[in-house]
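Comments concern the structure below.
The values are calculated or read from the model by the stated rules, or taken from the named source; none is laboratory data. In this text the structure is predicted, and so the values were computed from the model without any measurement. Cβ atoms come from the backbone with ideal geometry, glycine included; neighbour counts cover every protein chain shown.
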Amino acid sequence: MSNSQISALVDRFAVTHKKVSLPSLWAPESLRIKELEEGVSTLRSSVICAFNQLLDLKDLNTGVHSTRLAEWGMRVGQELGLEEQELQNLEVAALLHDIGKMGIPDSILRKPAKLDPEEYALMKKHPEYGWAVLRMLPGFERAALDILHHHENFDGTGYPAGLKSSEIPIVSRIVSVIDAFDAMVSSRPYRTGLPFEEAVRRLTVAAGTQFDPVVVKCFLTFAQAEMPTVFAAAGTSVASAL
């Protein structure tokens with residue numbers, strides 16, 4: 001083959017491949033990946049919604065409580081600089097932290113009096129029940145661990161593993177604080193929610209023992225600034241509480 005023929009082939013190759021850009025070569029696969037990602041996201045949202053509705057069926061207050069916790073949790077997580085993946089896990093953990101209560105008898109969940117030792121021991125199993133359910137779902141493994149540890153105490157006296165301080169996942173520490181606060185200020189058929197100041201006092205006193213003090217400080221910063229909204233969400237008026 002002569003040099004002129006080789007040059008002609010090179011020119012033809014260059015012209016032909018100049019028309020095909022890398023994006024066009026990858027477009028079909030990129031589109032499939034995007035569609036798969038959207039499908040996974042939709043499925044994830046549907047699973048969360050379905051579980052949250054189950055919580056509503058078990059106890060109407062619980063579903064609303066979980067939604068409120070998700071809103072507060074995301075505020076705290078963003079203020080603390082959590083990464084996007086951690087924020088996603090936080091949302092799931094806040095919404096579904098009580099999913100394990102589906103395995104607790106109504107006679108215990110709805111008991112107006114103090115639980116006896118046997119009943120309390122069973123109630124303490126709900127984080128493990130929640131973990132056992134969610135860990136089976138692809139993409140929920142990390143959130144399942146966060147739910148497992150949301151009743152750990154900062155000083156190591158909590159359950160189920162007795163973790164302490166930074167051993168406790170940050171998402172679990174956040175859920176622990178906002179879950180406790182919401183439980184304190186929310187009214188139930190058998191009791192009236194605590195006044196705002198008393199709930200704040202209890203959180204503050206327990207900071208460093210039951211709760212992460214950094215999380216407590218972060219949460220109370222916006223909770224105190226938005227007291228009327230917080231109480232409206234919890235079903236208690238500021239006037240009646242104060």
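Hey, any hits in the stretch 69-83 for a residue that's polar (S, T, N, Q), under 16 Å from the mean Cα position of the chain (by Cα) and modelled with pLDDT of 95 or more?
Scanning the stretch 69-83 turns up at least one residue that is polar (S, T, N, Q), under 16 Å from the mean Cα position of the chain (by Cα) and modelled with pLDDT of 95 or more.
Let's see how each residue does on (1) at pLDDT below 95; (2) under 18 Å from the mean Cα position of the chain (by Cα); (3) among the charged types (D, E, K, R); (4) more than 19 Å from Phe211 (Cα to Cα):
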| position | (1), (2), (3), (4) |
| --- | --- |
| Pro117 | no, no, no, yes |
| Tyr120 | no, no, no, yes |
| Met136 | yes, yes, no, yes |
| Arg142 | no, yes, yes, yes |
| Leu145 | no, yes, no, no |
| Leu148 | no, yes, no, no |
| His151 | no, yes, no, no |
| Gly158 | no, no, no, no |
| Ser172 | no, yes, no, no |
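Search the stretch 137-168 for residues being charged (D, E, K, R) and surrounded by 22 or more Cβ atoms within 10 Å (Cβ to Cβ), and hand back the single one that is nearest to Lys124 (Cα to Cα).
Glu152
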